[in-house]
1. Over region 293-368, calculate the relative contact order: mean separation of alpha carbon pairs under 8 Å at least 6 apart, over the residue count, as a percent.
2. Check LEU202: other-chain or 5+ apart residues with amide H under 5 Å from its amide H, H built from backbone geometry?
3. Return the percentage of antiparallel bridges among DSSP beta bridges fully within the chain, rounded to the nearest 5 %.
4. Among ILE162, ILE357, ILE148, which one shows the highest mean-square fluctuation when the chain is modelled as a Gaussian network with alpha-carbon springs under 10 Å?
5. With the contact rule set at Cα under 8 Å and sequence spacing of 6 or more, what percent relative contact order holds for the chain?
6. Per-residue ellipticity at 222 nm for the chain, helices alone: DSSP H runs ≥ 4 residues times -39500 (n - 2.57), over residue total, nearest 500 deg cm²/dmol?
7. Specify whether the C-alpha gyration tensor of region 220-370 places it in the rounded, prolate or oblate class, a ≥ b ≥ c being the square roots of the eigenvalues: rounded for a/c under 1.5, otherwise prolate if a/b is larger than b/c and oblate if not.
8. Can you pull the one-decimal nm distance between simple spin-label points at ASN268 and ASN292, each 7 Å off the Cα toward Cβ?
Amino acid sequence: MSTTEAKIAELEAEYARTQKNKATEGHLGLIKAKLAKLRREQEAQQSRGGGGGGGEGFDVKKVGDTRVGLVGFPSVGKSTLLTTLTGTKSEAAAYEFTTLTAIPGTMRYRGARIQILDLPGIIEGAATGKGRGRQVISAARTCDLIMIVLDAAKPVTHKFLIERELINFGIRLNEEPPQVLIKRKDKGGIDIQEIVPQTKGLTKEMATRILKEYKMSSVTVTLREDCTIDRFIDVVDGKRTYIPALYVMNKIDQLTIEELDIIDQMPNYVPISSRDQWNIDDLMSAIWDKCNMLRIYTKPKGQIPDYDEPVVLHATNPTVEQFCNRLHKAIMPLFKYAWVWGSSVRHQPQKVGKDHILNDEDIIQIVKRV
């Protein structure tokens, strides 16, 4: 065991044996900050070849409009699901670790090309490199959506273990980035400004101790949300990725109707049977919604719109400017105005500027300055 691993184990043990109450909240927060810092150091060491598993991920070229990663324990049906969704054959068998590298496939849905990555089965301890775990999680970090595939017979245990591995590697599932701004300065100490009152345990004293643990002694902190200690540590650490997730409950053919009714009430869950191809349409629709995708059709002057190859955007309330930048960065310097047809405008067509907000399946024609 390396020195860093030993320190992590010692702090984890101290955290486990410390009683959780109001009096120990500050102490536990500092332990969390130290753990986050040590895990980042461990990740850097292993990426340089100093520990098992490496951390560079699998070399799979990103293609299409969206990338979705299948993450789960061995033998939960990820390979069968990849074949069902994309037609790509990923070896499947009744034993563990059939998939040893990332297998890509592409599915077409609502005009978008969605790349699906079947990643090797994850195991407990993956975040520290066990079972090529760091490569698996690094690849998951490049995805627009993570689909955690669970065996319907034992979902709760697997869900908890997988989430813990992803969290330890700096991935935050179904969370928005904290509304906290930290700005370094040359001198003047630590200045903490609360735009929103803090009621979730983060005090100015605790924030200061966490900042000093990271050797940040001259910064201005602006708290724009009621922030927990964990979320504040995430901002200070800086090595966090926020990714939407779907929990895909596979092998529902083994469940009773009563059990299915319970699953149906849970957020971000989609029950399926990849073997029998049950509920696959609902899964594809959930992928679309979770990735926040919408289609914009282009219309060259004097031609009909191109309905076969929409421009797919991932944004809430995307503007014409965002659309142009998705096509090419050289468009906006020459942009004059745009004609838009669709539900985002009153008139068909309507002349709009770069700040106009587009809706799904709008048609757009860009007019450039001469």
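1. 38 percent
2. Amide H to amide H, under 5 Å and 5 or more residues apart or across chains, LEU202 pairs with ILE229.
3. Numbers: 27 of 56 bridges.
Of the beta bridges lying entirely in the chain, close to 50 percent run antiparallel.
4. ILE357
5. Taking the mean separation of contacting Cα pairs over the length of the chain, I get 13 percent.
6. Details: 10 runs with 115 residues, N = 370.
It lands at -9500 deg cm²/dmol.
7. Oblate, since a/c reaches 1.5 and b/c is not below a/b.
8. So the two model labels end up 1.4 nm from each other.
Every number here is computed from the coordinates shown, using simple stated rules; none is lab data. All figures in this text were calculated on a predicted structure; none of them were measured in a lab. Backbone-built Cβ (ideal geometry, glycine too); neighbour counts: all protein chains shown.
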